[in-house]
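The values are calculated or read from the model by the stated rules, or taken from the named source; none is laboratory data. Note that the coordinates shown come from a computational prediction; the quantities given were computed from them, not determined experimentally. Ideal geometry is used to build each Cβ from the backbone, glycine not excepted, and the neighbour counts take in all protein chains shown.
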Amino acid sequence: ESQSYVDPSMVARVMEYESVARMRYIRQNFKKHVPMHTRLPMILTVVLYVGESKWNAARRLSELEIIHPGFEDMFNEFKLNLIELNTNHKYNTGEKATQDFFDLLRMIYRKQVLKENLDREFNRDALYFAYVVTKNKELLSIYQKSEKGDVRVCRALDEMFEESTNKGIQMGIKQGIEQGIALNQFEVYQTMLDKGFSVKAIASIFSVSEESIKTLLLRT
């Protein structure tokens, strides 16, 4: 999930996304009930925040809802997996492909490659998904020229940052991210329409206007 502005209800929205995805999987794979001892695939949502201001909204459900005294032990907590690309905080996932993806996004967003990363090899799939999010043509070119296995990408990015003006890079990244966000929103809205949700219901769930949904569906 790409997010360009601070949404106070984001933690509740993500919780809903995951619940809908789980129930859709159950309905598609089981006739009535999930058999005893059956384990479902893990669903993990990560929110990539690309806004300029600091994220100051709730990161946990307990920060959004009122928990009445005496019900603390019964409350089901839900945490937002938020990656803020506009901060210096480094997120360690413990999984190479995911870590490479986050680090590539941060490099492009900040227009900076650290010297210790110049010869670093990145997972090829992470490189492609970084292109999908940013629409950075240099990443696509490197991906298409590379073969299977990890890829060295940082020297090419470093040269690109030096040759391009800051304004040009930032505008390209911003446009790419906005396109990625719009495409993601379109897919979510279209899926919900296919499932029988009305435009009015979707607008209420995501706290957006009906006109903005109709405009996005027609434009995309």
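Some values worked out for this structure:
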read-out: Leu44, sole failed condition from (1) under 26 Å from Lys195 (Cα atoms); (2) of a type outside the set (Ser, Thr, Tyr); (3) touching a helix residue (DSSP H, G or I) at 6+ places or on another chain (Cβ under 6 Å); (4) free of Cβ contacts under 8 Å to residues at least 60 places away in the same chain; value: (3)
read-out: Residue that is farthest from Ala203 (Cα to Cα) [pool: residues in region 13-46 that are part of a helix (DSSP H, G or I) and of a type in the set (Phe, Trp, Tyr)]; value: Tyr25
read-out: Residues of region 119-159 satisfying the condition of being surrounded by fewer than 17 Cβ atoms within 10 Å (Cβ to Cβ) and assigned to a strand (DSSP E or B); value: Glu121, Arg152
read-out: Candidates Ala97, Ala57, filtered to the one that is at pLDDT 90 or above and under 19 Å from the mean Cα position of the chain (by Cα); value: Ala57
read-out: Positions within region 14-33 being more than 13 Å from the chain's Cα centre (by Cα) and either under 28 Å from Ala58 (Cα atoms) or touching a residue at least 12 places away in the same chain (Cβ under 8 Å) (or both), in sequence order; value: Met15, Glu16, Glu18, Ser19, Val20, Ala21, Arg22, Met23, Arg24, Tyr25, Ile26
read-out: Condition met for Gln3 (in contact with a strand residue (DSSP E or B) (Cβ under 9 Å, 6 or more places away or on another chain), closer than 26 Å to Ala203 by Cα and of a type in the set (S, T, N, Q)); value: yes
read-out: Meets criteria (β-branched (Val, Ile, Thr), in contact with a strand residue (DSSP E or B) (Cβ under 7 Å, 6 or more places away or on another chain) and surrounded by 14 or more Cβ atoms within 10 Å (Cβ to Cβ)) for Val113; value: no
read-out: Count - residues of region 109-131 that are modelled with pLDDT of 80 or more and under 21 Å from the mean Cα position of the chain (by Cα); value: 10
